[in-house]
Amino acid sequence: MMANLPSSPALRRTLSLTPALGIIGIFMLIPVGIIAVFSFLEAKSFGGVVWSFSTDAYVQLLYERALDDSLILSPGYLIIIARSFLLAGIAMLCCLVVGFPVAYFISRQPLQHRNMWILLITIPFWTNQLVRTFAWIIILGRNGIIETPFHWLGILGSDDTLGLMYSNFAIAVGLTYTFIPLMVLPIYASLEKLDFTLVEAAADLYSSKWEAFTKVIIPLSKPGIIAGCLLVFIPSLGAFIQPDLLGGGKNMMLGTLVQFQFSTARNWPFGAAIAMILLAAVVAFLMIYARAARGQQKMELH
C-alpha cells in the first residue's frame with residue numbers, strides 16, 4: 001500500500017485533504033457563492049432574479065426611493081439589524097449568567113456523576129425546537145402559567161394581561177431557553193480541565209473567594225466562555241422560529257426578515273444581501289474568537 005503513495009509529502013498532504021476540501025466546496029462555498037451572486041442581481045416582480053448587475057439590494061438596506069426616484073434615508077431595516085444584535089446579545093448574556101454556575105456545578109461533581117448531569121443538559125435537544133418554542137406560548141401567553149396566579153389573586157382583571165407574549169422579552173426568553181446547552185457544554189469542557197489546586201493555592205495566599213473566582217477561574221475558563229458566547233450569539237442572530245412564534249411577526253429579526261423576503265416579498269436579491277451581511281457578521285465574530293484563542297495560547301506558553 002505504501003509503495004503506491006506519491007513520494008512527494010506535499011502531494012500526499014494535498015491528496016489527503018481533497019475529500020474535506022471537496023465537501024467544504026460543495027456544501028459551503030458553492031451555496032454561499034450563489035447567495036453572493038444573487039445579492040448583486042435585480043429582482044423580478046414576482047420572485048426570481050434578472051441577470052443584470054445591481055447594488056440595489058444593498059442600497060435598499062439604508063435608503064428607499066421617493067416618487068421622483070431620489071434616495072431617502074430609511075432606518076427601518078437598521079432597526080431590525082440593531083434589534084437582532086441586541087436580542088442575540090441579551091440571550092448570550094442570560095445564557096452565560098445561568099450557564100456558568102451550572103457548568104461549574106457539574107465540573108465539581110464526582111466523576112461518575114458528571115455524565116448524568118451532562119445527559120440532563122442535553123435532554124432539550126431530544127425534542128423538536130418548534131415544539132419547545134410552542135411550550136413557551138402556553139407559559140407566557142394570555143391566561144398562561146405565569147398569568148393565571150395574577151388572575152387568582154385579583155391583581156389582573158379577567159380581560160387584563162401582562163403582555164408577555166409577542167414582545168422582545170418573549171423572544172429573548174425563547175432564545176435563552178433554546179441555546180443555553182450550547183453555553184453550558186463548552187464552559188464545562190474548560191472547567192473540567194481546570195486544575196482546582198490553583199484555586200486552593202489562591203485561598204492559601206489569602207485571596208477571597210471573589211478574587212479566586214475573578215483572577216483564577218474566569219481567566220482559565222475563558223476559551224470555554226468565548227466559545228459558548230459565540231455558539232449562542234451566532235445562531236441567535238439568525239434565529240427564525242422564536243421571533244416568528246414568540247414575537248408574533250411584529251418584532252422581526254434578521255432570520256425572519258430573510259424568510260419574509262424569499263417567501264412573501266419575493267425579493268430574492270434583498271434576502272440574499274441580508275444573508276450576506278449576516279454571514280459577514282458571523283465571520284467577524286469567528287475572527288475575534290480565533291484572535292482571542294491565539295492570545296490565550298501565547299499566554300499559556302509564557
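The values are calculated or read from the model by the stated rules, or taken from the named source; none is laboratory data. Values in this document were obtained by computation on a predicted structure and should not be read as measured data. Because the Cβ atoms are built from the backbone with ideal geometry, glycine has one as well, and the counts that use them run over all protein chains shown. Note: areas computed on protein heavy atoms with side chains; ligands, DNA, RNA excluded. Shrake-Rupley method; radii C 1.70, N 1.55, O 1.52, S 1.80 Å.
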Look through ILE106, ILE146, ILE138, ILE121 and report the one residue that is modelled with pLDDT of 85 or more, open to solvent by less than 30 Å² (accessible area, probe 1.4 Å) and either more than 26 Å from ALA284 (Cα to Cα) or not hydrophobic (A, V, I, L, M, F, W, C) (or both).
ILE106
Would you mention how many residues in the range 65-74 are touching a residue at least 12 places away in the same chain (Cβ under 8 Å) and open to solvent by 60 Å² or more (accessible area, probe 1.4 Å)?
1
Looking at PHE285, PHE233, can you tell me which residue is touching a residue at least 40 places away in the same chain (Cβ under 8 Å), aromatic (Phe, Trp, Tyr) and open to solvent by less than 20 Å² (accessible area, probe 1.4 Å)?
PHE233
Return the residues of the range 39-59 that are out of contact with any Pro (no Cβ under 6 Å at 6 or more places or on another chain), open to solvent by less than 60 Å² (accessible area, probe 1.4 Å), of a type outside the set (Val, Ile, Thr) and not in a loop (DSSP other than H, G, I, E, B); say none if nothing qualifies.
SER52
Looking at ILE288, ILE274, ILE226, which one is in a helix (DSSP H, G or I), farther than 30 Å from ILE138 by Cβ and out of contact with any helix residue (DSSP H, G or I) (no Cβ under 6 Å at 6 or more places or on another chain)?
ILE288
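Here is a yes/no grid of residues against (1) hydrophobic (A, V, I, L, M, F, W, C); (2) within 20 Å of the chain's Cα centre (by Cα):
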{"position": "SER208", "(1), (2)": "no, no"}
{"position": "THR214", "(1), (2)": "no, no"}
{"position": "ILE218", "(1), (2)": "yes, no"}
{"position": "PRO223", "(1), (2)": "no, yes"}
{"position": "ALA227", "(1), (2)": "yes, yes"}
{"position": "PRO235", "(1), (2)": "no, yes"}
{"position": "GLY238", "(1), (2)": "no, yes"}
{"position": "ILE241", "(1), (2)": "yes, yes"}
{"position": "LEU246", "(1), (2)": "yes, yes"}
Being at pLDDT 90 or above and in contact with a Phe, Trp or Tyr (Cβ under 8 Å, 6 or more places away or on another chain) is the filter here; which residues of the range 152-182 pass it?
ALA170, VAL173, GLY174, TYR177, PRO181
Over the range 163-203, the set of residues in a loop (DSSP other than H, G, I, E, B) and either open to solvent by 60 Å² or more (accessible area, probe 1.4 Å) or of a type outside the set (A, V, I, L, M) (or both) is GLY163, TYR166, SER167, LYS193, ASP195, PHE196
Filter result for the condition that a residue is touching a Ser or Thr at 6+ places or on another chain (Cβ under 6 Å), surrounded by 11 or more Cβ atoms within 10 Å (Cβ to Cβ) and in a helix (DSSP H, G or I), over ALA91, ALA36:
ALA91
Out of the residues in the range 206-219 meeting the condition of being among the hydroxyl-bearing types (Ser, Thr, Tyr) and either part of a helix (DSSP H, G or I) or open to solvent by 50 Å² or more (accessible area, probe 1.4 Å) (or both), tell me which one is nearest to PHE100 (Cα to Cα).
THR214
So ALA10 fits all but one of (1) surrounded by 11 or more Cβ atoms within 10 Å (Cβ to Cβ); (2) farther than 30 Å from PRO269 by Cβ; what number is the exception?
(1)
For the range 1-46: of the residues being over 30 Å from PHE260 (Cβ atoms) and among the polar types (S, T, N, Q), which is modelled with the highest pLDDT?
THR18
Inside the range 109-162, counting only helices (runs of 4 or more DSSP H) that do not spill past its ends, which hold 3 or more residues that are under 24 Å from the mean Cα position of the chain (by Cα) and of a type outside the set (Ser, Thr, Tyr)?
111-122, 129-140
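Results for (1) out of contact with any Pro (no Cβ under 9 Å at 6 or more places or on another chain); (2) free of Cβ contacts under 8 Å to residues at least 40 places away in the same chain, shown as yes or no for each residue.
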{"site": "PRO186", "(1), (2)": "no, no"}
{"site": "ALA202", "(1), (2)": "yes, yes"}
{"site": "PRO223", "(1), (2)": "no, no"}
{"site": "LEU237", "(1), (2)": "yes, no"}
Quick test of your reading of the structure: LYS222 fulfils all but one of (1) more than 30 Å from HIS113 (Cβ to Cβ); (2) open to solvent by 40 Å² or more (accessible area, probe 1.4 Å). Name the failing condition by number.
(1)
Any chance ARG83 is surrounded by fewer than 18 Cβ atoms within 10 Å (Cβ to Cβ) and basic (Lys, Arg)
no
Note on the range 252-272: residues hydroxyl-bearing (Ser, Thr, Tyr) and buried (at least 18 other Cβ atoms within 10 Å of the Cβ) are THR256
